[in-house]
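Beneath this line is the structure, given in structure tokens, with notes to follow.
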Amino acid sequence: MGHGHDHHHHTSDASGGDLPEALDLSVPAAELSPSEATRRRFLLGAGLLGAGAAASVLGRPGAAAAAGLPHTHGDVGGGSEKGGFRWLAGDHHIHTQYSSDAQYRVIDQARHGQAFGLDWIVITDHGSATHAKIGVDKVNPDIVKTRSSLPGLLTFQGLEWNIPAAEHATVFVHPGKNEVEVLKAFENAYDGSLLPATNTTAQNEAMAIAGIQFLGEQVRKRKIDGALFLANHPARRGIDSPHEIRNWRDADPTVAIGFEGAPGHQAAGIPAPNGRGGARGYYDNNPSAASFAGYPLESYRTWGGFDWMTATVGGLWDSLLAEGKAWWITVNSDSHVNYLDQTDRGPGSDFNANGKYNDPVYTGTVNTQAGDFWPGYYGRTNVGSSSFSYKAVMDGLRAGRVWVDHGRLVKALDARVRVTGDRRPATGTPLGGVLQVKRGTSTELVLDIDLQDIPNWAGFIPVLKRVDVIVGTVTGPVADKDAFTTPDTRVVKSFEISKTSGRISLSHDLGRLDKPFYLRVRGTDGNRTQPGLLGASVDPYGPQLDVVGAADPWGDLWFYTNPIWVLPR
């Protein structure tokens with residue numbers, strides 16, 4: 001049964017459900033079960049309890065104080081760089097010769113990613129019968145060897161999950177002795193390609209929730225030190241319905257943390273004859289019987305290279321943020337076969353028998369029809385970390401200290417919300433955070449951006465032309481879990497940028513707090529803009545709808561930040 005006809009099988013109630021006891025700091029430790037007490041100790045020790053609590057209570061009146069918000073960033077982060085954090089660029093969606101539609105070695109992807117400026121990567125070969133049977137085991141020695149060969153690059157093992165009843169997702173775990181065991185058990189039990197074809201939509205949606213909960217259980221049992229889920233290319237086929245996205249997040253907010261704000265495969269938009277002349281992200285689909293019937297046709301295309309769910313001001317992502325749900329965006333390469341590469345799969349390969357293709361060989365033929373870029377070449381997910389470590393990257397992602405960009409549009413940025421007039425260095429609440437103040441308190445956004453001064457990998461220095469501040473009211477849980485708009489989110493301020501080098505410091509007065517709100521920021525080179533899908537009064541200069549065949553990714557660059565919330569105490 002398609003999503004367009006079956007929206008009534010939910011495993012959690014419309015209010016989002018109650019917090020697990022371990023996350024609810026109003027429950028004394030002595031009243032917790034042993035497993036929940038262990039979970040709370042783990043989350044507290046990792047500095048994550050606040051993030052988990054924030055994920056579930058922002059929209060619940062009166063619960064914020066009980067749950068111990070705001071969450072634990074402190075005034076100054078643990079790093080020595082911008083805003084008190086060490087910003088580490090990465091890519092969580094990369095394929096290798098262990099995927100049936102890819103070709104590169106792990107070390108190939110890792111070396112290119114590091115050369116193009118990445119600090120961390122996740123290897124995410126496709127879930128399949130072959131991968132579940134032998135691929136998870138076989139790729140691990142290559143990943144372990146890469147960690148040793150490239151100590152300056154954090155290389156995670158993950159997989160691309162075929163989400164039951166939905167699209168794909170990155171799932172990855174903290175390195176350790178049980179990483180293969182946990183990923184293999186997860187894939188064999190919960191991958192959509194391995195489930196009975198007779199399953200109903202409701203059964204498959206329940207399996208997706210169970211899979212996320214399984215990952216959380218492995219962390220609580222201390223089999224692994226962390227697990228994360230990020231939905232990939234969520235609007236590409238229209239089959240990730242709003243209620244599924246909400247249910248994934250609610251299944252375990254410490255595991256299910258967000259989705260791709262922009263898909264990989266950006267080179268697919270390079271116009272012919274220099275490229276394949278297709279759609280950025282391979283977003284060239286139309287609704288099918290399995291698609292969610294409520295989505296507009298425009299959702300099947302990218303907007304300025306970004307997924308419709310993210311790019312639409314007042315759209316699906318904003319509807320989650322307006323509920324108070326912590327849900328973050330990322331970007332990545334989704335690298336399978338890369339533009340302008342001159343290699344091909346090794347001859348004599350038998351993927352089904354061996355779970356991999358033979359090592360790539362040089363052909364001397366330049367591939368202009370490939371749709372992908374090497375990791376780090378075009379998109380990057382920048383994570384505010386306390387240190388250079390696997391744990392710090394996972395913690396930063398989980399906390400939402402993340403901003404993303406295409407084509408190295410800017411060099412660095414730091415966004416904070418603070419009480420108006422607080423001039424202490426590095427104070428304020430960073431991306432992903434929650435600032436609580438008394439009603440009537442004046443707050444302001446402060447934004448420092450280091451403009452780009454070195455060429456990107458296409459050979460030019462990008463120029464930032466405009467920065468937009470987007471603000472939405474926190475209205476609490478939705479009655480309809482398939483809602484994908486919010487009426488109170490809009491662009492409230494646009495800064496035209498005339499400076500072309502150095503640092504710019506921007507501030508915006510957010511007024512006296514009279515109702516809870518969140519904000520997020522985006523920036524653009526200004527080359528291709530149009531009023532947003534919900535109208536010029538909501539978004540006067542948003543990204544343009546990308547046209548298949550005429551969507552050069554280098555001529556249309558954007559950055560997006562994750563949100564900051566401001567709530568009454």
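Rule-based calculations on the coordinates, nothing more; no lab input. For clarity, every value in this text was computed on a predicted model and none was experimentally measured. No Cβ is skipped: glycine too gets one built from the backbone with ideal geometry, and neighbour counts run over all protein chains shown.
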Point to revise | Those trypsin sites (Lys or Arg not before Pro) in region 330-413 that DSSP places in a loop and that have at most 13 other beta carbons within 10 Å | key: none
Review point. Is region 350-427 rounded, prolate or oblate when judged by the Cα gyration tensor, a ≥ b ≥ c being the square roots of its eigenvalues, rounded requiring a/c under 1.5 and prolate requiring a/b larger than b/c?
Key: prolate
Practice item. At q = 0.21 Å⁻¹, what is the base-10 log of I(q)/I(0) for region 410-568 according to the Debye formula with one equal point scatterer per Cα and no solvent? Please give it to two decimals. Key: -1.41
Practice item. Would you kindly compute the Cα radius of gyration of the chain and its largest Cα-Cα separation (Dmax), both in Å? Key: 22.1, 71
**Study point:** Estimated 222 nm signal from helices in the chain, with DSSP H stretches of n ≥ 4 weighted -39500 (n - 2.57), rounded to 500
**Key:** -6000 deg cm²/dmol
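Using a/c under 1.5 as the rounded threshold, could you call region 86-191 rounded, prolate or oblate? The axes a ≥ b ≥ c are square roots of the C-alpha gyration tensor eigenvalues, and prolate needs a/b larger than b/c, oblate otherwise. Walk me through the numbers before you get to the answer.
Details: a/c = 1.68, a/b = 1.58, b/c = 1.06.
Prolate is the answer for region 86-191, as a/c is 1.5 or above and a/b outweighs b/c.
Explain nothing, just the number: dipole magnitude of region 144-279 about its Cα centre with +1 on each Lys and Arg Cβ and -1 on each Asp and Glu Cβ, in debye rounded to the nearest 20. Provide the component values of the computation, followed by the final result.
On the way: 13 positive and 14 negative charges, 81 e Å.
Charge dipole, region 144-279, about its Cα centre: 380 debye, nearest 20.
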Study note, to complete from the structure: Simple spin-label estimate for Thr363/Ser193, 7 Å along Cα→Cβ, in nm, reads 2.2
Point to revise | Among Gly532, Gly511, Pro462 the positive-end extreme of the charge dipole of region 410-568 (Cβ point charges) | key: Gly511
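Quick check: from the Cα gyration tensor, does region 264-323 come out rounded (a/c under 1.5), prolate or oblate? Show your work: numbers first, answer last.
Values: a/c = 3.41, a/b = 1.67, b/c = 2.05.
Note, shape of region 264-323 comes out oblate.
So what is the diffusion coefficient of region 148-294 in µm² per second by Stokes-Einstein at 37 °C and 0.692 mPa s, using a Kirkwood Rh over Cα pairs? Numbers along the way, then the final one.
On the way: Rh = 16.6 Å.
Once the numbers are plugged in, D ends up at 198 µm²/s.
Just to verify a number: FRET efficiency for Asp514 and Asp450, C-beta to C-beta distance, R0 = 25 Å, to 0.05? Could you put the intermediate results ahead of the total?
On the way: r = 34 Å, r/R0 = 1.36.
Computed FRET efficiency for Asp514 and Asp450 comes out at 0.15.
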